[in-house]
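The values are calculated or read from the model by the stated rules, or taken from the named source; none is laboratory data. The structure displayed is predicted, hence computed values, not measured ones. Positions of Cβ are generated from backbone atoms using ideal geometry, with glycine treated the same way; all protein chains shown enter the neighbour counts. When the accessible area is computed, the model is the full protein with side chains, heavy atoms only, and any ligands, DNA or RNA have been set aside. Shrake-Rupley method; radii C 1.70, N 1.55, O 1.52, S 1.80 Å.
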Amino acid sequence: MSLGGGNKCGRCQKTVYFAEEVLSDGRSYHKSCFRCMVCGKNLDSTTVTNHGEEIYCKSCYGKKYGPKGYGFGPGAGTLSMDRGEGLGITPEAPAPHRPTTNTNTSKMAQKFGGADKCPRCGQSVYAAEKVIGAGSSWHKNKCFRCASCGKGLESTTLADKDGEIYCKGCYARNFGPKGFGFGLGAGALAHTQ
């Protein structure tokens, strides 16, 4: 403890006062400094993973320190997102992708007239239509959709990258590891002895 009245922050090394303190693995952090070392995502007690003196979200920790090699990765053991091609079923056309229009992700910059701004369309999001995902407020029905395939999302079924949101299948296809053993179904390979 320093003479200034608080512990030193594990990220910025400045004094952390009680009202703004978050503890993890015996270390103190400012709430604003309690972010993943790789992607910068806000962390909490359920999403933080400590490694030495660094903190990560579980996803970045897994990519950096998780198992490597044949059969591991986001695609391993997942089901294919079959859209019915070849079965006589016509898939519905995905919603057109509209990239995020709000380039300033600062919460203060997104405020206007007391309502958050949706990162997809840039319009105000009011309580009746608001859903929170990837640290932002979205319009529940028209904007809270996968940036790649247009599928509607829920807060538990999304993955985010660079301010965009994706369904887990599209995220794994677009940003997951590539190469032998990382495709869909890799976790279902036969084990012979």
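For the reader, a short list of remarks on this structure follows.
- Summarising the label geometry, the points placed 7 Å from Cα in the beta-carbon direction at ALA127 and ASN42 lie 1.8 nm from one another.
- Under 5 Å between amide hydrogens, built in the peptide plane, is the criterion, and for LYS41 it picks out CYS36 among residues at least 5 positions away or on other chains.
- Of the residues ASP116, ASP44, ASP160, ASP25, ranked by 1.4 Å probe accessible area with the largest first, the sequence reads ASP25, ASP44, ASP160, ASP116.
- Computing FRET efficiency as 1/(1 + (r/R0)^6) for LYS8 and LYS58, where r is the C-beta to C-beta distance and R0 is 35 Å, gives about 0.85.
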